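A short write-up of the structure that comes next.
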Amino acid sequence: MAVSSTSPTTEGWGRIKLLLALSRTPHGLLDMTTPAFAALVWLGNFPPVPVVLLGLLTAFAGYTAVYALNDVIDYRRDKEKLETSFFLERSDLDAILVRHPMAQGYLSLGAGIAWTLGWAAVAIIGAYLLNPICVAIFLGGCVLEALYCLLLKITHHRIIISGGVKTTGAMAAVFAVDPAPAPAFLIVLFLLFFFWEIGGQNVPNDWSDMEEDVALHVKTVPVRLGPERSLVIILGSLILTLVLTVLVFRLSRTHYAPYQTALALTAGLVLLIRPAWHLYRTKRPADAMAFFNTASLFPPSLLAVTLINIVGNHF
């Protein structure tokens, strides 16, 4: 059995860290830049301060609940994974704190469920205050996340569901600041983060787990289609991501200077295309994991370009 050589404390701050690990908070904080970018790129300005503060709390609660929900539903599978030699051999963002603390016995299943429901309640209240449509989007995301987990050993096509889950934060953020956004903008925004999730997150992450997933009979794109076809999906999705990035800026309610769009494309080339091409050449699981980590920085880079635009328009 693969176990940790040093057990984390389960009292006080140590317990809080375990709960944050359950929700993969370091990754969740990066993901929070996605709804922030979506709201700001559409508005072209900052919403009122109360909306900003409520939006940040709601986004944190939503991502905290959904990531924890993943571990709650996958509890039995994670305990099965604990028996393999692969369990702790990770260096990705999701393993910065403690990987799957419930499966390792540091948290009870009941504590995980209570943590998940508590943050889900905060997210629902915040979403309702922002716009009731956001509640429906959040609940839809939870249902999709549960379905994604339940299809773990059934079909690799669940990757489509994963793409849908990652778009919910962006969709909700736009409705939080505008009750009637342009449909064309919403469609392009949805597709942008859908393909980023497929090419920059889901397939690379599953690639790094491929040996483990084969042993556990888990259905993923790399397991089902193999490295070569997986790389076609990765590169194709990332090229679409860059095209859609340009379209999102063009459909914004504010003007983006050519150099700002160029900055976003440069970030895409550095954070997405370059490491994907490196993976294409090496085909090593370690490089797939490194690519996953690098690709996670793409939404923050888009947010940075948006902030540059807003600040530039004020001075």
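For the reader, a short list of remarks on this structure follows.
- Residues satisfying the stated conditions in segment 11-53, i.e. among the β-branched types (V, I, T) and open to solvent by less than 40 Å² (accessible area, probe 1.4 Å): T25, T33, T34, V41
- Looking across segment 177-193, the residues that are of a type outside the set (D, E, K, R), touching a residue at least 40 places away in the same chain (Cβ under 8 Å) and open to solvent by 10 Å² or more (accessible area, probe 1.4 Å) come down to V177, P179, P181, A182, A184, V188, L191.
- Qualifying residue in segment 291-305 (condition: open to solvent by 30 Å² or more (accessible area, probe 1.4 Å), touching a helix residue (DSSP H, G or I) at 6+ places or on another chain (Cβ under 7 Å) and not in a helix (DSSP H, G or I)): yes
- Among (1) modelled with pLDDT under 95; (2) open to solvent by 40 Å² or more (accessible area, probe 1.4 Å), the one test that R99 misses: (2)
- Hey, Y75 among the hydroxyl-bearing types (S, T, Y) and modelled with pLDDT of 90 or more or not: no
- Segment 228-245 - residue that is surrounded by fewer than 16 Cβ atoms within 10 Å (Cβ to Cβ) and of a type outside the set (A, V, I, L, M) and, of those, nearest to K283 (Cα to Cα): E228
- Residue list for segment 12-53, filter: touching a residue at least 40 places away in the same chain (Cβ under 8 Å), within 25 Å of I187 (Cα to Cα), of a type in the set (A, V, I, L, M, F, W, C) and not in a loop (DSSP other than H, G, I, E, B): L30, A36, F37, A38, A39, L40, V41, W42, L43, V51
To keep it simple, each residue is scored yes or no on (1) open to solvent by less than 10 Å² (accessible area, probe 1.4 Å); (2) in a helix (DSSP H, G or I).
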position	(1), (2)
Q104	no, no
L107	yes, no
W119	no, yes
Y148	no, yes
F175	no, yes
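- In the set (1) open to solvent by 70 Å² or more (accessible area, probe 1.4 Å); (2) closer than 18 Å to A36 by Cβ, the condition left unmet by L271 is number (1).
- Restricting attention to segment 250-264, the residues being surrounded by fewer than 17 Cβ atoms within 10 Å (Cβ to Cβ) and within 23 Å of the chain's Cα centre (by Cα) number 0.
- Test set (1) within 23 Å of R281 (Cβ to Cβ); (2) modelled with pLDDT of 95 or more - L192 fails condition number: (1)
- Only residues that are touching a residue at least 40 places away in the same chain (Cβ under 8 Å) and assigned to a helix (DSSP H, G or I) were counted in segment 223-257, giving 17.
- Yes/no for L216 being open to solvent by less than 30 Å² (accessible area, probe 1.4 Å) and aliphatic (A, V, I, L, M): yes
- Taking residues in segment 194-212 that are over 18 Å from A170 (Cα atoms), and partners anywhere that are among the charged types (D, E, K, R), the pairs with Cβ atoms closer than 8 Å and at least 6 places apart or on different chains are N205/D92; D206/D213; S208/R90; S208/D92; E212/K81.
The values are calculated or read from the model by the stated rules, or taken from the named source; none is laboratory data. Predicted model, so just to flag it, every value in this text is computed and none were measured. Positions of Cβ are backbone-derived with ideal geometry, glycine not excepted, and every protein chain shown enters the neighbour counts. Just the protein is used for accessible areas: all its heavy atoms, side chains included, with ligands, DNA and RNA removed. Shrake-Rupley method; radii C 1.70, N 1.55, O 1.52, S 1.80 Å.
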